[in-house]
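Peer 1: What follows is a structure written as structure tokens; I'll ask about it next.
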Amino acid sequence: MGDSIGQRIKAKRLELKLTQNQVAEKLFVTQQTVARWENGKHTLPVKAVQDLSELFDVPTAYFFGEDQIIMRRFNFFAFVGSIFVNFILFWLIAIVLLTVLLTVWGMLGAGLAAPVVIIWQFITAAHIFDIGRLMISCGMLLMSLVVIPIAWKITCYIGCILKAYYRYNVNSIVYEVIPREANDDYRK
């Protein structure tokens, strides 16, 4: 098999009648990343090859053939980039997203508890009963019940994206797929 990994990805994707966007969504990467893989402009992390083999239902060896090998090698530039991206930007983004998600979930929890709090305040005589406050709190309850499934899906999706992004970048530090010719040059 003389095809490159990118050509094999494209051939298998077309055989399964998938678009680059569909493959990207299933792997939680961008469509541009899949296009770069197919054009040979970007080296795939080993984890991406494993995910593609599961998606396409082929062994990982399908992508490598005879002209490609997997070699463990420390990649200094990927390490430096990963320190900056994964350990600084990734965590800053994760902290911001976590803060926003916790705020959203806190507001939803407050919306769920609002009618109970209004009734509890009336029972304990902490506040006089006001039908307007009760109606507003019931509206908050209904809004929370509608938004909870949406917030849950968004939370799960963000978690999957962050997990895939982190996994692909960390694996690029140690694992690298290189052509056999480049491997021969490396050994000299």
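Peer 1: Can you tell me how many residues in the range 27-49 are under 19 Å from the mean Cα position of the chain (by Cα), assigned to a helix (DSSP H, G or I) and loosely packed, with under 15 Cβ neighbours inside 10 Å?
Peer 2: 2
Peer 1: Could I ask something else about it? For the range 91-106: of the residues being in contact (Cβ under 8 Å) with a residue 24 or more places away in the chain and more than 17 Å from the chain's Cα centre (by Cα), which is least open to solvent (accessible area, probe 1.4 Å)?
Peer 2: Step by step, filter the range 91-106, then rank; the result is VAL104.
Peer 1: Please work out which residue is nearest to GLY111 (Cα to Cα), limiting yourself to the range 121-130 and to residues that are open to solvent by less than 100 Å² (accessible area, probe 1.4 Å) and at pLDDT 90 or above.
Peer 2: GLN121
Peer 1: State all residues of the range 131-144 that are in contact (Cβ under 8 Å) with a residue 12 or more places away in the chain, of a type outside the set (S, T, N, Q) and open to solvent by less than 100 Å² (accessible area, probe 1.4 Å); if no residue qualifies, say none.
Peer 2: Residues satisfying the conditions are ARG133, LEU134, CYS138, MET140, LEU141.
Peer 1: Take the residues in the range 62-79 that are open to solvent by 70 Å² or more (accessible area, probe 1.4 Å) and at pLDDT 70 or above; name whichever of them is nearest to GLN7 (Cα to Cα). Break it down into steps so the answer makes sense when it comes.
Peer 2: Let us first name the residues in the range 62-79 that are open to solvent by 70 Å² or more (accessible area, probe 1.4 Å), namely 66, 70, 72, 74, 76-77, 79.
Checking the rest, the ones that are also at pLDDT 70 or above come to 76-77, 79.
On the way: PHE76: 28, PHE77: 26, PHE79: 28 Å.
If we take residues in the range 62-79 being open to solvent by 70 Å² or more (accessible area, probe 1.4 Å) and at pLDDT 70 or above, then PHE77 is nearest to GLN7 (Cα to Cα).
Peer 1: Separate question: Given the criterion in contact with a helix residue (DSSP H, G or I) (Cβ under 9 Å, 6 or more places away or on another chain), at pLDDT 85 or above and in a loop (DSSP other than H, G, I, E, B), identify the matching residue among LEU55, LEU18.
Peer 2: Values: LEU55 fails: in a loop (DSSP other than H, G, I, E, B).
The unique qualifying residue is LEU18.
The values are calculated or read from the model by the stated rules, or taken from the named source; none is laboratory data. Just so it is clear, the structure is predicted and the values come from calculations on it, not from any experiment. Please note: Cβ atoms are built from the backbone with ideal geometry, for glycine as well, and neighbour counts cover all protein chains shown. Just the protein is used for accessible areas: all its heavy atoms, side chains included, with ligands, DNA and RNA removed. Shrake-Rupley method; radii C 1.70, N 1.55, O 1.52, S 1.80 Å.
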